[in-house]
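Heads up: the structure comes next, in structure tokens.
The values are calculated or read from the model by the stated rules, or taken from the named source; none is laboratory data. All figures in this text were calculated on a predicted structure; none of them were measured in a lab. Cβ sites come from the backbone with ideal geometry, for glycine too, and all protein chains shown count toward neighbours.
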């Protein structure tokens, strides 16, 4: 018997009215701003009204380093949420929104897969509730106001060679990576070099996801550095007087979006910062609100645990005062085999030796996560070709690491398949064993923080940084930015900066290519290797085959 | 006693749930896609289901040439809609959506004014239901796919010097008017000149507003000319294979938006093409749907009657098979005085002579409108300083033109003030006296159509066009575009191409500067004078003072 595709399953979903989903968490109709019948924003008034509530338990779902075999981190997040509801817990899922542009390059990412999905899938991969458009607008307004400031006399004395603020568009458009603007004569301004990033790379996106409320949002927007003067002193967004209007444009986007899983359980889908030059987590406001109204909140972070979980802990949890009660580390038998040297074409055949070999990657992530003081459960996201012996090999290995691995079959069976995982996760979270703490203190020097991450998480021997980078970090410390956390931007495929080094490499160095200050978001970005902030389209973009069929359904997007 | 500001009145509105407004037109909850509690889109299924209904009566509201005194065309449209409902008619208003960008330059335009407004005003001037963002996305996708096509081998053999398709953004950003794109080396493409227009100037906007349904939309998008080859043959959007994915991005945007007036009557607010390089009317789908479910539909067209009403009749009505049953021509005593030579500062003083002098502009519009075979009623949009003698002068003048003028006080009194106007308009519309026909035939040569408009509407002596323009028009006729209507782009302040020529000038010429083919929208744009398709921001943009106050309300936008 064949399996149904994700989109087939999603289209068969028996969706409930979003008001019914809201009621599961005590959100009444008047506190939901509907977008159609299956999406809604939670009102600011409601969010304010629940601030006195006790927090529920916070579960982070993270994964081993991604391989082409796929791990199913979002699928497991959704499956675990449904599993918790199945065993009688009031649970909500918190995940990120999808970027629009990339869907027109390669086929779009669903939110989860199999019988562990969030719906409506089409909307979530298109305009959804307009949050990313609002971010593009707010970002574009500052861009226009900045060049307008220069045009009308440049009172701030901006050095047009040192404008830091790039423009953004939510589309994969390589032609805009590097452009010359303000051409065509006096009426169009002073010609200068510029460029566009994709919207998810905007600092406005990172800020929206870290801000506690609209006041905090406005302050952080004002804090952004947009340019430097000839004397190298920074020009802030507030010098351009844009932060108030930007906040107005982002007012609705700050309200978390509520949708549902295939099993009609609540899911918050809100925010989606890049997981390289930003911290890669859903919004603080969605997570903190969910914790006030659900007993269990299951969330995830971008890429593998070395990037995603590290930033979740050291940036998001630190800044938002969050404390995870349990971490679920997702692995698959297939990914273990790829880490153990098996080629993708050969993944169908049983290979216990390769599984054992590949478990080194898993083991290192377990150890890293424990260094934050949190309990770790490994979820083996079941794939239909996995053999009992292979699954047993993973379980046995995990036991040697002082943790436990649980097979979960949510992809195939929904919550029926994830009930065991949910039961164990709930026990651990409720036991109060978590002693969470970030792995570096605020007052450690910036280079010390970088070295801590490189050594404790990447298990590198050292960090390589030239004088320019070191001087820049010192300058920021003098300017009062020394207390910020670090946002690492490196390959997600390896603990090292070399994407081909799978498993658990040692003896490597972490070379810093560049450092950037996101003064509004509140972190220092450390770039190790090539980071693409504006993707291109492939030779045959998926857009060429995306269309509406005669029934008005979208074809080719998935 | 002072008068309340538009925003004060709007904030005091006793809004009904949008489902209740829908029920007034027989639209049930399931057929409304809500966006919050006071906005909704009408479902495609509902639109399909009413196609067999009889049409209601169509009323066009247009105006004299705009002056700095203001005429209140939208205010009168809304006031007349409320007036018709007051006298027991089932009436709906159809107006355009506002462009986002300009609100951050100068204070935003409300939808109507005084006690004749459409709400929610803030949303309508910000993201509303995301239609314009969807248009920006669809446009941007084609932009990215076009440069991507060139990048991966340029199979269509596009001459990069002859790319016609500009990019768009919904922001006043003069720095983007003229740019060089694809700089930075091999990975970023082939450097070429480009530029950005504001979103409302996109041909996609014009198409969305003229398309009958999603199939028609997709076909028209495919018909757009995006570039020319070295042999001058056109490259279409469908050669780039973008029209299917663009249609998917526009699927929701094609559904008309329902909101309400201050008196809780239904208003469709949908689409907003430029009134110069496009036709300046709300969407065909909103107007035709409203006609199927209301007995009276009151709509408006951009700028004065010489531009707005002319295009409404010759482009929109022709293409959509619409036939106006009555035209309301809005004038104010103040605008008559300005046309009669009074400076803005002196408008407060009674000046019957200046009113009489200025009526020439009004008289010519009455005659022009009658040449389309439609009955004309003049609405004198009452201003508190108007004297009885001044109002009498306008009424007397209009009577000499074989029409009648009715004083309307909707701004001050809502429908109580517009009931007289509504009563007379309803009588005329129901009488069936309208014998509407466009003023030129499809098969007239393009230059003949231009001359017809110039002579019959502008009352010019001749049209001046150089050989290049005449050859271009001939070439388009040979390529099969000769049957298209003309979209004039000239100053809105005068019948002539000289904005300072008020009143009813004669003896002038109409010089054609440039002609452009909008093959998807289905018209030939004739540019007479400077047309700005990307505005700039002023020295002190309104954005600098736009912010949220401590109650979370938007300040500075109005």
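Could you tell me whether any residue of region A:369-382 is within 12 Å of residue A:397 (Cβ to Cβ), at pLDDT 95 or above and touching a helix residue (DSSP H, G or I) at 6+ places or on another chain (Cβ under 6 Å)? Looking for residues that are within 12 Å of residue A:397 (Cβ to Cβ), at pLDDT 95 or above and touching a helix residue (DSSP H, G or I) at 6+ places or on another chain (Cβ under 6 Å), one finds at least one in region A:369-382, hence yes.
Here residue B:88 passes the criteria (1) away from every other protein chain (no Cβ under 14 Å); (2) under 19 Å from the mean Cα position of the chain (by Cα) except the one numbered (2). Could you tell me whether region A:97-118 includes any residue that is over 20 Å from the mean Cα position of the chain (by Cα), on the phi < 0 side of the Ramachandran plot, touching a residue at least 12 places away in the same chain (Cβ under 8 Å) and away from chain B (no Cβ under 12 Å)? Yes - at least one qualifying residue is present in region A:97-118. In summary, residue A:419 fulfils each of the numbered conditions (1) in contact with a helix residue (DSSP H, G or I) (Cβ under 9 Å, 6 or more places away or on another chain); (2) touching a residue at least 12 places away in the same chain (Cβ under 8 Å); (3) in a helix (DSSP H, G or I); (4) outside the structural domain of residue A:317 (by TED's automatic domain parsing) with the single exception of condition (4). Against the condition within 7 Å of chain A (Cβ to nearest Cβ) and assigned to a helix (DSSP H, G or I), how does residue B:133 come out, does it pass? When the stated conditions are applied, residue B:133 passes them. In region B:71-86 there is at least one residue matching the filter, namely being modelled with pLDDT under 95, in contact with a helix residue (DSSP H, G or I) (Cβ under 6 Å, 6 or more places away or on another chain) and under 28 Å from residue B:328 (Cα atoms).
Looking at region B:442-456, can you tell me whether even one residue there is part of a loop (DSSP other than H, G, I, E, B), outside the structural domain of residue B:228 (by TED's automatic domain parsing) and either modelled with pLDDT under 95 or in contact with a strand residue (DSSP E or B) (Cβ under 9 Å, 6 or more places away or on another chain) (or both)? No, that holds for no residue. Would you check if there is a residue in region A:412-424 being under 26 Å from the mean Cα position of the chain (by Cα) and closer than 25 Å to residue A:314 by Cα? Scanning region A:412-424 turns up no residue that is under 26 Å from the mean Cα position of the chain (by Cα) and closer than 25 Å to residue A:314 by Cα. So if I check each of B:48, B:55, which one is closer than 30 Å to residue B:368 by Cβ and either part of a loop (DSSP other than H, G, I, E, B) or in the same structural domain as residue B:308 (by TED's automatic domain parsing) (or both)? Being closer than 30 Å to residue B:368 by Cβ and either part of a loop (DSSP other than H, G, I, E, B) or in the same structural domain as residue B:308 (by TED's automatic domain parsing) (or both) holds for just one of B:48, B:55, which is B:55. Scanning region A:1-16 for residues that are without any contact (Cβ under 8 Å) to a residue 24 or more places away in the chain and outside any loop (DSSP other than H, G, I, E, B) gives a single hit, A:8. Considering region B:468-558, there are no qualifying strands (runs of 3 or more DSSP E) wholly inside with 1 or more residues that are under 29 Å from residue B:358 (Cα atoms) and free of Cβ contacts under 8 Å to residues at least 24 places away in the same chain. Candidates in region B:228-239 are the residues that are surrounded by fewer than 23 Cβ atoms within 10 Å (Cβ to Cβ) and in contact with a helix residue (DSSP H, G or I) (Cβ under 8 Å, 6 or more places away or on another chain); of these, the one that is farthest from the other protein chains (Cβ to nearest Cβ) is B:236.
Being free of Cβ contacts under 8 Å to residues at least 40 places away in the same chain and either in contact with a strand residue (DSSP E or B) (Cβ under 8 Å, 6 or more places away or on another chain) or under 16 Å from residue B:169 (Cβ atoms) (or both): is that true of residue A:164 here?
On the way: free of Cβ contacts under 8 Å to residues at least 40 places away in the same chain: no; either in contact with a strand residue (DSSP E or B) (Cβ under 8 Å, 6 or more places away or on another chain) or under 16 Å from residue B:169 (Cβ atoms) (or both): yes.
No; evaluated as a whole, the condition is false for this residue.
Candidates in region A:159-176 are the residues that are surrounded by fewer than 24 Cβ atoms within 10 Å (Cβ to Cβ) and over 15 Å from residue A:200 (Cβ atoms); of these, the one that is nearest to the other protein chains (Cβ to nearest Cβ) is A:174. Taken over region A:177-217, residues that are farther than 28 Å from residue A:152 by Cα, within 12 Å of another protein chain (Cβ to nearest Cβ) and assigned to a loop (DSSP other than H, G, I, E, B) amount to 1. Kindly evaluate residue A:109 against the criterion of being at pLDDT 95 or above, surrounded by fewer than 24 Cβ atoms within 10 Å (Cβ to Cβ) and outside the structural domain of residue A:229 (by TED's automatic domain parsing). Considered against the rule, which asks whether it is at pLDDT 95 or above, surrounded by fewer than 24 Cβ atoms within 10 Å (Cβ to Cβ) and outside the structural domain of residue A:229 (by TED's automatic domain parsing), residue A:109 comes out as no.
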